[in-house]
Amino acid sequence: MSKLGNLGARLYRGEVGYDFIGKRKIWYGISILITITAIVGLAVRGLNMGIEFSGGAVFTTPKTSVSTTEAQHHAESAAPGHQAMVQQLGGGALRIQISGLDTKQSLPVQEEIAKDLKVPVKDVNTQLVGPSWGEQIADKAWLGLGIFMVLVVLYLAIAFEWRMAVAALVALVHDLTITVGVYALVGFEVTPGTVIGLLTILGYSLYDTVVVFDSLKEASKDITKQTRFTYSEVANRSINGTLVRSINTTVVALLPVAGLLFVGGGVLGAGMLNDISLALFVGLAAGAYSSIFIATPLVADLKNGEPQMKALAKRVAAKRASAAAKEAARQADPDAAEDGDDDAGAAVVGPQPTARNRGGRGRPSGRRR
């Protein structure tokens, strides 16, 4: 068995473990700090909405020696007052998108770009996008997101309980906020691919959370009938029991997405892959984090507020205090404990009453007299 597999088995059996629940205030603080940073970045810089949402024109040029910086300068000079974005495609081609252009404005801009880049006008492909199409996509995305959230809460409330549904919803909002904030801070373009990526990470984040919740539900069954563990301790054992599985799933999911983001978008110059790959990369990492450090600790906090869980915690503490007192007494006076053991042994070793001493005839020996 591999070292990681052996560690996973030991974590599952509870032989080793990390106190995730006990340090939950640290994870809450980290998440709040990251979320505030994301919200500030979103408020200050805003999202770089793609042309599919804002409307405008997209010009695709053939191979050229002009850099992206120079091409952006030429594009903004050709269309004053309009924001331009340039992406380098494979083979040295460029994708220039200028927001806010209509059909009449696109033709002279196309000619000016071809002149500045020293390419034939007929080789510059022009595509116009109306803002109404982007608004329809955005409305449908918000509608789909709302329906998804409602179904998630209903399913978790039925399959598990409402506390787990609330915790999962908080984790999903946490993942979305961080991902959108990273987009604002990095400045990547928000396209329909970004929306698809955001909806994809919701499913992954929910899957990882439900795995831990299912283990917790099974482990906490009839928990009030025992006095060995509190609910927080059972929740912590559930996290540790599924930790290696969560790590393996996250790494396997992140590796191809990292290749799509860093190799496809960075090395090969496939800039159009960045919109969906960044959402997937950040969202998958945030989803794995929230399922372990946010969702389950939040469930433990909500459950610990119940009267029966408070009573269980008191019984567990009382039993442990009693055991600790007995152990302290045994260590303080070991001779008394040994004498007590000898007396008990003497009582057992002494003559035992037989059937004949009790007045009975005893068991027949089987010999004839």
Self-check item: Ranked by how many other beta carbons lie within 10 Å on average, peptides 60-71, 225-236 from highest
Solution: 225-236, 60-71
Quiz item: Of Lys25/Lys314; Lys303/Lys326; Lys104/Lys140; Lys63/Lys115; Lys25/Lys221, which pairs sit farther than 20 Å apart, going by alpha carbon to alpha carbon?
Solution: Lys25/Lys314; Lys303/Lys326; Lys104/Lys140; Lys25/Lys221
Quiz item: Quick one: what Rg and Dmax do you get for the range 56-129 from the alpha carbons, in Å?
Solution: 10.6, 30
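What does the net charge come to around Thr194 if you take all other residues with beta carbon closer than 11 Å to its beta carbon, with K and R at +1 and D and E at -1?
Spelling it out: positives minus negatives among the neighbours equals -3.
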Exercise. Return one whole number: the accessible area per residue of the range 138-207 in Å², for a 1.4 Å probe.
Key: 45 Å²
Quiz item: Once you treat every alpha carbon in the range 155-267 as an equal point and sum by Debye, what is log10 I(q)/I(0) at q = 0.13, 0.15, 0.23, 0.24 Å⁻¹?
Solution: -0.65, -0.80, -1.37, -1.43
Self-check item: If the convex hull is drawn through the Cα atoms of the range 95-176, its volume per residue in Å³
Solution: 124 Å³
Exercise. Note down the nm distance, to one decimal, between modelled labels 7 Å out along Cα→Cβ at Ala138 and at Arg45.
Key: 1.9 nm
Practice problem: Evaluate the relative contact order of the range 56-129 (contact order divided by residue number), counting alpha-carbon pairs under 8 angstrom at least 6 apart; express in whole percent. | Solution: 46 percent
Self-check item: Whole-number accessible area per residue in Å² for the range 56-129, which is evaluated in the context of all protein chains at 1.4 Å
Solution: 54 Å²
Quiz item: Which FRET efficiency value, to the nearest 0.05, is calculated for Tyr18 and Val252 with the Förster distance at 22 angstrom and r the Cβ-Cβ distance?
Solution: 0.50
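The values are calculated or read from the model by the stated rules, or taken from the named source; none is laboratory data. Predicted, not measured: the structure shown is a model, and the values here were computed from it. Note: ideal-geometry Cβ built from the backbone for every residue, glycine included; neighbour counts use all protein chains shown. To get the accessible areas, we keep the full protein, side chains included, count just its heavy atoms, and leave off ligands, DNA and RNA. Shrake-Rupley method; radii C 1.70, N 1.55, O 1.52, S 1.80 Å.
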